[in-house]
Each structure stands twice: as C-alpha cells, then as structure tokens.
Amino acid sequence: MSEQIAKLLTEKRLNIIRGKALVGAATRQEIASVFGHIDAMEARLDRADDDDTFGTEGWRHWMDMP
C-alpha cells in the first residue's frame, strides 16, 4: 500500500497563517493546509517509530500525548 505524504509548510508560511488566524482572516484553505501539515508531520513521525527513534513505545508516548 503506497502512502502519499503531504508537503510540509515552511515556518514562514505557518507564521503567516497563525497571524491571519489570530485576527480572523485565515481562509478555510489556509486552515486546511495547517491540518495537512500536521498530518504530514504525524506520518513522518510514524515512519520514525520503525527505528525506535523516540523509544520503543513511539513518538506519541515520548510526547505524552493524551
């Protein structure tokens, strides 16, 4: 099964969207792109779990995710 991973946003682009969101000016597409960014980060972190990069219990445990 082939997994397609979304492209990560640049730090600059994330900061622009954050600023726009703070004043209520971010578009739905911009907000969706942030969720795509998060999904891409999670997919990359999941791949790192195969190498025990964050310990044997994985990155979610390492970050104390609820």
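Every read-out reported here was derived from the displayed coordinates using simple, explicitly stated rules and does not represent laboratory data. Given the structure is predicted, the values throughout are model-derived calculations rather than measurements. So basically every Cβ, Gly included, is an ideal-geometry build from the backbone, and we count neighbours across all protein chains shown.
Miscellaneous remarks
- Spin-label pair Arg13/Ala48, simplified geometry with 7 Å Cα→Cβ offset, distance in nm: 2.0
- Principal-axis analysis of the Cα atoms of the chain puts helix 11-22 at an angle of about 60° to the longest axis.
- Under the criterion of Cα pairs below 8 Å and six or more residues apart, the relative contact order for the chain equals 30 percent.
- Highest GNM mean-square fluctuation among Glu42, Glu30, Glu11, for the chain modelled with Cα contacts below 10 Å: Glu11.
- Set the Cα radius of gyration of the chain against 2.2 N^0.38 Å, with N its number of residues, and you get 1.35.
- Helix 28-49 axis, angle to the chain major axis (alpha carbon atoms, nearest 10°): 10
- Value at 222 nm in deg cm²/dmol, rounded to 500, when DSSP H runs of n ≥ 4 in the chain each add -39,500 (n - 2.57): -18000 deg cm²/dmol
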